[in-house]
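Here is the structure we will look at.
The values are calculated or read from the model by the stated rules, or taken from the named source; none is laboratory data. All values reported here derive from a predicted model rather than from experimental measurement. Here the Cβ is made from the backbone with ideal geometry for all residues, glycine too, and neighbour counts use every protein chain on show. When the accessible area is computed, the model is the full protein with side chains, heavy atoms only, and any ligands, DNA or RNA have been set aside. Shrake-Rupley method; radii C 1.70, N 1.55, O 1.52, S 1.80 Å.
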Amino acid sequence: MRQIPDIMKLILLAFLSIVPSIYTVKTDPPEPEIGKRWVLNLQYSDEFNGQALDSRKWRNSYVGWEGRTPGYFFPDAVSVNKGMLQIRNGVLDSTVKEHTKAKYSIKGGAVQSLEKTAHFGYYEARFKASRIPMSTTFWMSNGKVPVDFATKISDGNCAKDEFSQELDIAESIGGNIGIGDKFKKNMNFNTHYRYIDCAGGKEKFYSAGNNAIEGNGKLVNATLSSESWEDFHTYGAYWKNPNEVAFYSDDRFIGDVQVRTDVVDTPFPRPMGINMVTETYDWAKPYPTNEQLVNNDINTSYYDWVRSYTLVDIGETVQNTENFNGQGSQIYTEEIRFFEAPQIANEKVTLPYVYKANTNNQITFSMMDETGAVVFETSITVLAGYGKDIKTLNVEGMNSENHTFKAALTSLDGKTIYATTKG
């Protein structure tokens, strides 16, 4: 057998380390409650399979913010290539430094959603951090609005108080910084209620999460299976309501945070937008060197995809279920299963089921007797998404518990996609 030269092996390993699998990575939102299903929110979802950033969803800058010094959000740092959004950090060009009065010296990048209408739901991204002392982030935010209502601090008649929300789903730093390895070995998240009181002046962050000392929610092990620069990881947040956010990494529950209520009882009521940003922090030093910034093997943050889901009623019709290219998004590994054993009582059969379907499909439920003969069968149409429900049907004259049940997910033309049985 012909041997592969060592240099070719190194090139191949380097390529595999930055390019995701050719197969779509399947991760899902948390299992929905009974009677509900998750549907993809296309305005805030992107597989980044095009040739450029989708201008109907995103901009390659951050409105109202140029970046935290010395890192400047440079539009040309952002590209879409090989099925990924890429933000390549670097050394800022001297002409740009002159424009910014020399207070910036490092090139970072920002991608911001055009809309800020993302509300309660599940938000998830799969990314691989750069290996330099700059962040790779996935977060949500909205702008300041006046507080024209009474709070625990003001009576609602203040002229200067304002608030905004910030949900940091994942903040990662793949390089070495002085405070240790936490930001490359863990999923780091936070919730910030950002408030300016009646006197105006500097805003105060009321925060709860695991990437700061405070944190008043349920916390589980947030350690990643590998460092954030070594592999792609998924990072998600289930924004349940104005008071609670649950966090997930690589399809694993990480922690549940109750948003702080120092100012108001419902601190996260407003919709937000999505941000994917690489930046410098004044607490994360040393800053990257020029040598690191120009090294394309370590200076780039890679985003495989971002997916956003809305929870709707199981039978609710959702418009625009296809992506902007007119093709259905193959998000789920399609399946059907019983989440509890079916029951027969009082001539009724109860079928508790969960399904995942990329398009509108059918589920055929069958009931077999001890000989394997089908004694009852029915089909229902299910809508695209990840749904959970209980179907109760009349089965006149059947009260025996000695039955086997089968559920088959089929296409609308009858082709079986997935089937399961339960005794």
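A quick yes/no check of all residues on (1) out of contact with any Phe, Trp or Tyr (no Cβ under 8 Å at 6 or more places or on another chain); (2) open to solvent by less than 50 Å² (accessible area, probe 1.4 Å):
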| residue | (1), (2) |
| --- | --- |
| T333 | yes, no |
| R337 | no, no |
| V349 | no, yes |
| Y353 | no, yes |
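Kindly indicate the residue of region 68-104 that is among the hydroxyl-bearing types (S, T, Y) and in a loop (DSSP other than H, G, I, E, B) and also surrounded by the most Cβ atoms within 10 Å (Cβ to Cβ) among those meeting that condition.
Here is the first cut: in region 68-104, the ones among the hydroxyl-bearing types (S, T, Y) are 69, 72, 79, 94-95, 100, 104.
Going one step further and asking which of them are in a loop (DSSP other than H, G, I, E, B), we end up with 69, 100, 104.
Details: T69: 14, T100: 15, Y104: 22.
Residue satisfying both the conditions and the ranking: Y104.
Here I177, I169 are screened, and the one residue that is of a type outside the set (D, E, K, R) and open to solvent by 10 Å² or more (accessible area, probe 1.4 Å) is I177.
On the stretch given as region 394-414, residues that are surrounded by fewer than 16 Cβ atoms within 10 Å (Cβ to Cβ) and under 23 Å from T317 (Cβ atoms) total 4. Of everything listed in (1) within 30 Å of K240 (Cα to Cα); (2) at pLDDT 95 or above; (3) not in a strand (DSSP E or B), the single unmet condition for T24 is (2). Restricting I254, I298 to residues that are touching a residue at least 24 places away in the same chain (Cβ under 8 Å), of a type in the set (V, I, T) and open to solvent by less than 10 Å² (accessible area, probe 1.4 Å) narrows the list to I254.
Considering region 258-275 alone, what residues qualify as being assigned to a strand (DSSP E or B) and either closer than 14 Å to E115 by Cα or of a type in the set (F, W, Y) (or both)? Working first, answer last.
Pass one, region 258-275, residues assigned to a strand (DSSP E or B): 258, 272-275.
M272, G273, I274, N275 - these are the residues of region 258-275 that are assigned to a strand (DSSP E or B) and either closer than 14 Å to E115 by Cα or of a type in the set (F, W, Y) (or both).
Of all residues in region 369-383, those satisfying the criterion of being of a type in the set (A, V, I, L, M, F, W, C) and surrounded by fewer than 17 Cβ atoms within 10 Å (Cβ to Cβ) are A373, V374, V375, I380. Every condition in (1) at pLDDT 95 or above; (2) assigned to a loop (DSSP other than H, G, I, E, B); (3) of a type in the set (S, T, Y) is met by T137 except one, and the failing one is (2).
Quick test for you: out of G83, G174, pick the one residue that is touching a Lys or Arg at 6+ places or on another chain (Cβ under 8 Å) and under 30 Å from Q292 (Cα atoms).
On the way: G83 fails: touching a Lys or Arg at 6+ places or on another chain (Cβ under 8 Å).
So the residue among G83, G174 that is touching a Lys or Arg at 6+ places or on another chain (Cβ under 8 Å) and under 30 Å from Q292 (Cα atoms) is G174.
Restricted to region 260-273, and to residues there that are among the β-branched types (V, I, T) and either touching a Lys or Arg at 6+ places or on another chain (Cβ under 9 Å) or at pLDDT below 95 (or both), the residue that is farthest from V147 (Cα to Cα) is T261. What about G50, is it on the phi > 0 side of the Ramachandran plot and surrounded by fewer than 16 Cβ atoms within 10 Å (Cβ to Cβ)? Considered against the rule, which asks whether it is on the phi > 0 side of the Ramachandran plot and surrounded by fewer than 16 Cβ atoms within 10 Å (Cβ to Cβ), G50 comes out as no. Just one of the numbered conditions (1) surrounded by 12 or more Cβ atoms within 10 Å (Cβ to Cβ); (2) in contact with a strand residue (DSSP E or B) (Cβ under 8 Å, 6 or more places away or on another chain); (3) farther than 16 Å from P32 by Cα; (4) of a type in the set (V, I, T) is not true of T359: (2).
Within region 127-135, is there a residue that is among the aliphatic types (A, V, I, L, M), touching a residue at least 12 places away in the same chain (Cβ under 8 Å) and open to solvent by 20 Å² or more (accessible area, probe 1.4 Å)?
The initial filter retains those residues of region 127-135 that are among the aliphatic types (A, V, I, L, M), namely 129, 132, 134.
Adding the requirement that they be touching a residue at least 12 places away in the same chain (Cβ under 8 Å) leaves 129, 132, 134.
Now narrow it down to the ones that are open to solvent by 20 Å² or more (accessible area, probe 1.4 Å): none.
Taking every residue of region 127-135 in turn, none turns out to be among the aliphatic types (A, V, I, L, M), touching a residue at least 12 places away in the same chain (Cβ under 8 Å) and open to solvent by 20 Å² or more (accessible area, probe 1.4 Å).
Exactly one residue out of T421, T392, T381 is free of Cβ contacts under 8 Å to residues at least 24 places away in the same chain and assigned to a strand (DSSP E or B): that is T421. The residue pairs whose first member lies in region 214-231 and is under 30 Å from N299 (Cβ atoms), whose second member is modelled with pLDDT under 80, and whose beta carbons are closer than 7 Å, counting only pairs six or more residues apart or on different chains, are A222/N210. As a summary of the residue check, T333 satisfies the conditions (1) at pLDDT 95 or above; (2) closer than 24 Å to D231 by Cα except for the one numbered (1). For region 111-122, check the following and say yes or no: at least one residue is outside any strand (DSSP E or B) and either more than 19 Å from G273 (Cα to Cα) or open to solvent by less than 10 Å² (accessible area, probe 1.4 Å) (or both). So far as region 111-122 goes, no, none of its residues is outside any strand (DSSP E or B) and either more than 19 Å from G273 (Cα to Cα) or open to solvent by less than 10 Å² (accessible area, probe 1.4 Å) (or both). In this structure, K185 does satisfy being closer than 26 Å to V306 by Cβ, of a type in the set (K, R) and touching a residue at least 40 places away in the same chain (Cβ under 8 Å). Here Y195 clears all of (1) within 30 Å of N49 (Cβ to Cβ); (2) in contact with an Asp or Glu (Cβ under 8 Å, 6 or more places away or on another chain); (3) not polar (S, T, N, Q) except the condition numbered (1).
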